[in-house]
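The values are calculated or read from the model by the stated rules, or taken from the named source; none is laboratory data. Note that the structure is predicted; figures quoted are calculated from it, not measured. Here Cβ is always computed from backbone atoms with ideal geometry, including for glycine, and neighbour counts include all displayed protein chains. Areas reflect the complete protein model, heavy atoms only, side chains present, ligands, DNA and RNA absent. Shrake-Rupley method; radii C 1.70, N 1.55, O 1.52, S 1.80 Å.
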Amino acid sequence: MSTPRADEDTPASSARPDARSGNTFVGDVWVNFKRWNRKAVRNPFVLVVSLVQPIIFLVLFTEVFGNVAGSAVNRGIPGISYETYLVPAIAIQVALAAAITSGVGLVNDIENGMFEKVLVTPMNRTAVFVGKTAAEVFRIAVQIAIILGLGILLGAEIVTGVVGALGIIAIGVLFSLWFVAFSNALAILTRDQESTIIGANLLQFPLLFLSSAFLPLTALPDWIQTFARINPVTYGVDAARSLMIDRDVMTVIDVSWFGGTLDGVVPGVAVLLGLDLLLGGIAVYLLSRASSSDVK
């Protein structure tokens, strides 16, 4: 087999083996981190699309449904505006929408032969996935920060200040990891862009609307409340919202170990971390078992 030609999209590890810090795990992660960020810069349309939809939701829900939904919110959590209530949900929606594009990017690599080139290099398969995920997580963090800034302009208040804002970004990133892994697993299994997009989008809106994202659970039908208790969006939104308003608003797990805000943050973080480890392990397993013959 001939050595793959080195070009601007070929990982530096395959073109210049001596430039990868001795083929270390960290070196492989860094190579993939840079490559996926370069791809994003060259095709900003995907980033813009994944950010525009949540912005539309933020503006429309606050301007169109703010008065009606605000009264329901104040019955569940007195003393906060609907803008403040909604911003954590939109932050989680950003993480969800951006994570969908992760699998699409992998399918593009498969279709143009780039993924096959990566498979025949000596790079660590786990490092390939970690580097790709790190690049996507970086972009998701920036997008959530934009949403928080826009929310403040619309009248939302982050009671916990800068520390709380950073915490909300961290929760959004933690939430995104399980769906990044899911969309990448779909890409490896289907090796088809349309199937990956349909499969990921099929879950996006049910997960958002069958949760505490837009209204308190007490204002929703019993069957939605039941689904929300096993819905990862509920845990991510409630944890972020607790930081937003500096109050325990976790609706599905009653914890009183810490007192105050952390009682709403820690259970959500614990659930999301477990989900990340589970689906991340599945994605890495599928990637490690992939061979060049699988993606031709």
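Leaving ligands, DNA and RNA out of it, work out the accessible area of residue 33 with a 1.4 Å probe and give it in Å² to the nearest 10.
Spelled out: residue 33, probe radius 1.4 Å, area about 50 Å².
Output the peptides 147-154, 180-187 sorted from most to least packed, where packing is the average of other Cβ atoms within 10 Å over each peptide's residues.
Those peptides, ordered most packed to least, come out 180-187, 147-154.
So for each of 266-273, 206-213 I average, over its residues, the number of other beta carbons within 10 Å; can you give me the resulting order with the highest mean first?
Averaged packing, sorted descending, gives the order 206-213, 266-273.
For the range 138-296, what's the relative contact order in percent, using C-alpha pairs closer than 8 Å and at least 6 residues apart?
The value is 27 percent.
Using a 1.4 angstrom probe on the protein heavy atoms only, could you order 229, 75 from most to least accessible area?
Ranked from most to least accessible, the order is 75, 229.
Using a ≥ b ≥ c from the Cα gyration tensor of the range 151-253 (square roots of the eigenvalues), is it rounded, prolate or oblate, where a/c under 1.5 gives rounded and otherwise the larger of a/b and b/c decides, a/b for prolate?
It comes out oblate by the Cα gyration axes.
Calculated from DSSP H runs of 4 or more alone, at -39500 (n - 2.57) each and per residue, what is the 222 nm mean residue ellipticity of the chain, nearest 500?
That comes out to -24500 deg cm²/dmol.
Apply the membrane-span-like helix rule to the chain: whole DSSP H runs, Cα extent along the own long axis of at least 24 Å, mean Kyte-Doolittle hydropathy at least 0.5. List the helices found.
Span-like helices here: 44-64, 82-111, 125-153, 161-190, 193-209, 262-289.
Give, rounded to the nearest 20 debye, the magnitude of the charge dipole that the range 154-296 has about its Cα centre when Lys and Arg contribute +1 at Cβ and Asp and Glu contribute -1 at Cβ.
Around 360 debye, computed over the range 154-296.
Heavy atoms only, probe 1.4 angstrom, no DNA, RNA or ligands counted: give me 175, 25 ranked by accessible area, highest first.
If we order 175, 25 from most to least accessible, we get 25, 175.
Of the options 70, 283, 228, report the single residue whose Cα projects farthest towards the positive end of the charge dipole of the chain (beta-carbon charges: Lys, Arg +1; Asp, Glu -1).
It is 283, whose Cα lies furthest towards the positive end.
With +1 on the Cβ of every Lys and Arg and -1 on the Cβ of every Asp and Glu, and nothing else charged, how large is the dipole of the chain about its Cα centre, in debye rounded to the nearest 20?
With Lys and Arg at +1 and Asp and Glu at -1, about 720 debye.
Can you give the accessible area of residue 117 in Å² (nearest 10), computed on protein heavy atoms with a 1.4 Å probe?
Approximately 60 Å² for this residue.
If contacts are Cα pairs under 8 angstrom and at least 6 residues apart, what is the relative contact order of the chain in percent?
22 percent
Within the accessible area of the chain, what % is carbon and sulfur when the probe is 1.4 Å and the other protein chains stay in place?
Whole-percent figure for carbon plus sulfur exposure: 65.
If you take every residue apart from residue 92 with its C-beta less than 12 Å away from the C-beta of residue 92, what net charge results, scoring Lys and Arg +1 and Asp and Glu -1?
0
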